[in-house]
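Here, each number is a calculation from the coordinates, and none is a lab measurement. What you are looking at is a predicted structure, and each value in this text was computed from that prediction instead of being measured. Counting neighbours? That spans all protein chains shown, and the Cβs are built from the backbone with ideal geometry, glycine included.
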Amino acid sequence: MALIKRHKGNFLEDFRVGQVFRHKVGKTITEGLYNAFTEYDMTTNPLHKNRRYAEAYGFSGLVVTPGLVMNIVFSQSVEDISENARANLEYINMRFGAPVYIGDTIEVTSTVLGVKPSGREPDRGVAHVQTTGRNQKQEVVLTYERKVQVWKRDVRADVQGGTVDSIPHVPCDLQLPAYDGRRAYEELAHLTSNDTYFEDFTPGDLIEHSRGRVVTTEHVALTAMLDNTSQVHCNQYLIDLQPEKYLGGQLVVYGGIPFNLCLGLSCPDIADNSLGDIIYPSGRHTAPVFAGDTVFASTEIRGTRDYPSRPDLGIVAATVRGHKFVRKDGRFDKVEIFYLEREIAVKRRSHYSRG
């Protein structure tokens, strides 16, 4: 009888520029998964809470939140891309496409755009990938790039660095139901806040969102629900063996959880009257989150503009920042944990409300 020790996931030396991964398994969105994340992130947009409202706007049912869409697509890529990662460094050009509903099945592919060994730390480097999620109709629901810091399996290993000549173009534009003047939208206007229409946003405003949410050890279960297998989020024994190797010497909360939380915490003031997120040009985690931290958020309005061919909508460009408070020398210091540039499609009061 043989003792076989299997290892999952790729290390830096395993990546090749241009390599394409068709990630295993796929994920069908169940009511349980949907409810767990929609309730946890404290979103208030009725598209995610009220089937009657969503269908009145022309959607096929409850719409999966952008944070959950992102988490499902991201997590499907973890085993191949970042199971052996130290940190996720950056999100780039994250674009949303077809709406996602309960019962949809998402399958994911990734292309390696670049590999770069660290010039200072011989045990690690950066992999740059493009990841795309498609539903059962082969419609693109999300595509984005990310850069992730990955450990080497062997510090002495030769890494084939480089970048692709050009980034593959993945067609992906937000798909929304058409505006229909025969629908009595104003009869449902009481279900959203009256101060979150397009007309209410002024460039330069900074909105401090009032709610916070503590992250408890339930983050381990939430990460598992997504099939995210990165060991730094669930394997305390691994960290205890080499605590100096890992951030804080403890389990790090999977970044998709504060990502999702910041979107939810900002929703009552920013996205209550949104019909969808369009694009996240850039985002990054600026500090780790651990169990026991409470996440807060703020949003800066960077600009507003018309939505092409949709006089009923406008586009709000914003910067979302997440933060926590850390006790130091008898006081609490504010620590930024998350940064995200965001553009969303927001209803105009002139078309959707009598007020």
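Remarks
- Isotropic mean projected area of the C-alpha convex hull, segment 273-355 (nm²): 7.6
- Neighbourhood net charge (14 Å Cβ-Cβ; Lys/Arg +1, Asp/Glu -1) for GLY58: +3
- Here percent of Cα pairs over 25 Å apart was computed from the coordinates, and among (i) 58; (ii) 54; (iii) 61 the match is (ii).
- Taking all pairs of distinct alpha-carbon atoms in segment 113-231, Kirkwood radius in angstrom: 20.4
- Per-selection Rg to Rh, segment 1-109 - Cα, Kirkwood hydrodynamic radius: 1.07
- Within a Gaussian network of the chain (alpha carbon springs, distance under 10 Å), most fluctuating of LYS24, LYS49, LYS324: LYS24
- Calculated [θ] (222 nm, deg cm²/dmol) that DSSP helices of n ≥ 4 give over the chain, each run adding -39,500 (n - 2.57): -5000 deg cm²/dmol
- Of all lysines in the structure, those lying under 28 Å Cα to Cα from LYS147, and not within fewer than 8 positions of it along the same chain, are LYS8, LYS24, LYS27, LYS116, LYS245, LYS324, LYS334.
- Taking N as its residue count, the alpha carbon Rg of segment 240-321 over 2.2 N^0.38 Å: 1.44
- With the convex hull drawn around the C-alpha atoms of segment 70-178, the volume per residue stands at 107 Å³.
- Unit charges at the beta carbon, dipole of the chain: most positive-side option, TYR280, ILE29, THR217: THR217
- Euclidean distance of C-alpha centroids, segment 153-196 and segment 2-53, integer Å: 16
- Fewest-first sequence of SER193, SER274 by Cβ atoms within 10 Å of each Cβ: SER193, SER274
- Counting only whole DSSP H helices of the chain, the ones at least 15 Å long by C-alpha along their axis and with mean Kyte-Doolittle hydropathy no lower than -0.5 are 66-76, 256-270.
- Most positive-pole-ward Cα, VAL232, ILE257, ILE4, against dipole of the chain from beta carbon charges: ILE4
- Shape analysis of segment 172-305 yields a ratio of the Cα radius of gyration to the Kirkwood radius, Rg/Rh, of 1.07.
- Placing unit charges on the Cβ atoms of the charged side chains and taking the dipole of the chain about its Cα centre, the candidate lying farthest along the positive direction among TYR144, THR192, GLY125 is GLY125.
- Order by protection proxy (mean Cβ within 10 Å, highest first), peptides 32-43, 74-85, 173-184: 74-85, 32-43, 173-184
- Calculated log₁₀ intensity ratio I(q)/I(0) where the Debye formula runs over C-alpha points of segment 190-253, q = 0.12, 0.24 Å⁻¹: -0.58, -1.02
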